[in-house]
Amino acid sequence: MNDPSFGDEFDQELLTAGGAPTYFGRDVLRGLVHGITAHRESQRRSERLWGIGVIGCAMALNDPELLEELARCESSCIVVTKQEKRHHGKENFQRLETHAATAQGLADLVFPELEELAPLKDGKPVKLGPYGPRLEVSVPAVRELGFRKVGKHLVPIVHAKLALVGDLCWTDDHPSGYPVDELYFRPRKLWMGSANFTESSRRSLEVGTWVTDEEILTAARQFLLNLVVRSEPLRNEADSMDPELHPVVFDEAAMLEASRDAYDVVDDDDEPWD
């Protein structure tokens, strides 16, 4: 028996009234890849616009063309549902691990929501004092979230297929009037669809579309960052949710003492005014 396949009678590609491409039928994942490529090619680089960022989620990720496109991004993180251990070592999982190890991960400095999060140290939250330590948080390009299926017991999964594409920006404008460097992520468009980010999804009948509504972009940003915050590295041993990042704690007593010391500093060489 030949490999079963759908015909092209199901395939449609159209532009909505707002100009957003929408795809029906087979190989809708090409729309996601083309959309990321098109945004990069249309971006006018400047000292205040230094790259393209993508944050997304899907049940699974292994499509070579999509991985190649994500690897070109200056910032990216795709959260997938936690992989079963029996998949570890197989080609698709190895493809994920290679991408996570070599692609540029999430530029955490552009997301204020990640500023006060860090992995536990010796099983406890990192404690910050007036002089550090400096937080060094690495968020690779692929993360897992949720629960690992063990045996035949069904578990809830990351089933949404989203990719938020935007600009990585820099500014020194500040309400105080003083130049203060700031990096930030500006969402531009959101991919929403039924297709997993997998090579096999290109053979199935799916739907996918780009949206640019500001309220939807804002909600998607919050949703996806929540996934990132609660995600885990690939191959985490826990079968249940085991977030890697936790809120830091502040050494308030040390900070108060440092503040007092700063005010108490007196230069003995200063002469009083006549």
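Per-residue answers, yes or no, for (1) of a type in the set (Asp, Glu); (2) more than 18 Å from the chain's Cα centre (by Cα); (3) more than 21 Å from Ala141 (Cβ to Cβ):
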| position | (1), (2), (3) |
| --- | --- |
| Ser194 | no, yes, yes |
| Ser201 | no, yes, no |
| Ser204 | no, yes, yes |
| Thr209 | no, yes, yes |
| Thr212 | no, yes, yes |
| Val228 | no, no, no |
| Ser231 | no, no, no |
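Restricted to the stretch 196-228, and to residues that are touching a helix residue (DSSP H, G or I) at 6+ places or on another chain (Cβ under 9 Å) and among the small types (Gly, Ala, Ser), which residue is nearest to Gly53 (Cα to Cα)?
Gly208
Assess whether Pro64 counts as being in contact with a helix residue (DSSP H, G or I) (Cβ under 9 Å, 6 or more places away or on another chain) and surrounded by fewer than 12 Cβ atoms within 10 Å (Cβ to Cβ).
In short, yes.
Being at pLDDT below 95, closer than 29 Å to Leu154 by Cα, in contact with a helix residue (DSSP H, G or I) (Cβ under 8 Å, 6 or more places away or on another chain) and not basic (Lys, Arg), is that true of even one residue in the stretch 244-262?
Checked against the condition, which is being at pLDDT below 95, closer than 29 Å to Leu154 by Cα, in contact with a helix residue (DSSP H, G or I) (Cβ under 8 Å, 6 or more places away or on another chain) and not basic (Lys, Arg), the stretch 244-262 yields at least one hit.
Can you go through Leu205, Leu245, Leu224, Leu256 and tell me which one is buried (at least 18 other Cβ atoms within 10 Å of the Cβ) and farther than 26 Å from Gly89 by Cα?
Leu224
Of the conditions (1) out of contact with any His (no Cβ under 8 Å at 6 or more places or on another chain); (2) in contact (Cβ under 8 Å) with a residue 24 or more places away in the chain, Ser42 clears all except one; give me its number.
Result: Ser42 fails condition (2) only.
Going residue by residue through the stretch 143-165, is there one that turns out to be over 26 Å from Asn62 (Cβ atoms) and among the acidic types (Asp, Glu)?
Looking through the stretch 143-165, none of the residues is over 26 Å from Asn62 (Cβ atoms) and among the acidic types (Asp, Glu).
Please specify each residue of the stretch 1-55 satisfying the condition of being touching a helix residue (DSSP H, G or I) at 6+ places or on another chain (Cβ under 8 Å) and within 30 Å of Asp172 (Cβ to Cβ).
Ile36, Ile52, Gly53, Val54, Ile55
Only one of Val33, Val79, Val54 is under 19 Å from the mean Cα position of the chain (by Cα), of a type in the set (Val, Ile, Thr) and either surrounded by fewer than 23 Cβ atoms within 10 Å (Cβ to Cβ) or over 19 Å from Leu224 (Cβ atoms) (or both). Can you tell me which?
Val33
Tally time: how many residues in the stretch 1-30 are touching a residue at least 24 places away in the same chain (Cβ under 8 Å) and either surrounded by fewer than 20 Cβ atoms within 10 Å (Cβ to Cβ) or over 21 Å from the mean Cα position of the chain (by Cα) (or both)?
Number of matching residues: 15.
Among the residues of the stretch 114-148, write down those that are more than 26 Å from Gln83 (Cα to Cα) and touching a residue at least 24 places away in the same chain (Cβ under 8 Å).
Result: Glu116, Pro125, Val126, Lys127, Leu128, Gly129, Pro130, Tyr131, Leu135.
Among Glu9, Glu41, Glu91, which is the only one that is under 27 Å from Val158 (Cα atoms) and acidic (Asp, Glu)?
So the residue among Glu9, Glu41, Glu91 that is under 27 Å from Val158 (Cα atoms) and acidic (Asp, Glu) is Glu91.
The values are calculated or read from the model by the stated rules, or taken from the named source; none is laboratory data. Note that the structure is predicted; figures quoted are calculated from it, not measured. Methodologically, a virtual Cβ is constructed for each residue, glycine included, from the backbone with ideal geometry; neighbour enumeration extends over all protein chains shown.
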